[in-house]
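For reference, the structure discussed in these notes is given below.
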Amino acid sequence: QVQLVESGGDLVQPGGSLRLSCTASGSIFSVYRMGWYRQAPGKQRELVALISSVGITNYADSVKGRFTISRDNAKNMVYLQMNSVKAEDTAVYYCNAFVSAHNYWGQGTQVTVSS
């Protein structure tokens with residue numbers, strides 16, 4: 001069983017920056033594939049970014065060049081640095097861990113982009 005806890009969601013102005021954090025339980029965090037997903041009101045949950053156990057990253061086209069996913073295996077943490085945010089980035093952001101063919105989810109953190 002893997003437990004994930006997100007933090008860092010907030011109200012931010014368009015063009016601003018925000019960093020989301022996710023703490024994961026488990027002694028084998030380093031082998032987890034980690035990711036960030038988001039769900040806006042009335043929309044399906046969508047992939048934002050993934051990072052493999054060896055640090056290979058993938059991003060949704062909508063966030064490429066603006067968001068950066070990273071991980072610190074020593075701290076069991078994964079981060080999402082969000083720069084140049086837009087109104088359409090408003091959503092609940094979920095941390096995801098994929099390990100042993102199972103998906104685990106955090107409770108989500110709200111990001112609102114508005115002036």
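Each reported figure results from applying straightforward, stated rules to the coordinates on display, with no laboratory input. Note that the coordinates shown come from a computational prediction; the quantities given were computed from them, not determined experimentally. Virtual Cβ from ideal backbone geometry, glycine too; neighbours counted across all protein chains shown.
For this structure, a couple of remarks:
- Of the trypsin sites (Lys or Arg not before Pro) in region 46-115, the ones in a loop by DSSP (not H, G, I, E or B) with at most 15 other beta carbons within 10 Å are Lys64, Arg66, Lys75, Lys86.
- Residue list for region 67-107, given a label point 7 angstrom along the Cα-to-Cβ vector of Ser30 and an amide N cut-off under 15 Å: 71-77
- Furthest towards positive pole of dipole, Thr23, Ala74, Asn96, structure part the chain, Cβ charges: Ala74
- With N the number of residues in the chain, Rg(Cα) / (2.2 N^0.38 Å) evaluates to 1.00.
- A straight Cα-to-Cα reach below 20 Å connects Lys64 with the aspartates and glutamates Glu46, Glu88, Asp89, residues fewer than 8 places away in its own chain not being considered.
- Phi angles of region 60-72 translate, via the Karplus equation with coefficients 6.51, -1.76, 1.60 and θ = phi - 60°, into HN-Hα couplings of 5, 4, 5, 10, 4, x, 10, 10, 9, 9, 8, 9, 10 Hz per residue; Gly and Pro are given as x.
- Applying the Karplus relation 6.51 cos²θ - 1.76 cosθ + 1.60 with θ = phi - 60° to region 8-25 yields 3J(HN,Hα) values of x, x, 6, 8, 9, 7, x, x, x, 10, 7, 10, 9, 10, 9, 9, 10, 8 Hz, where x marks Gly and Pro.
- Across the chain, Cα pairs under 8 Å and at least six residues apart give a relative contact order of 37 percent.
- Integer Hz, Karplus 6.51/-1.76/1.60 couplings in order for region 80-97, x for Gly and Pro: 10, 8, 10, 10, 6, 5, 10, 4, 6, 7, 4, 4, 8, 9, 10, 8, 10, 10
- Taking the Cα centre of the chain as origin and assigning +1 to Lys and Arg Cβ atoms and -1 to Asp and Glu Cβ atoms, the resulting dipole is close to 120 debye.
- Dividing the convex hull volume of the alpha carbon atoms of region 68-115 by its residue count gives 98 Å³ per residue.
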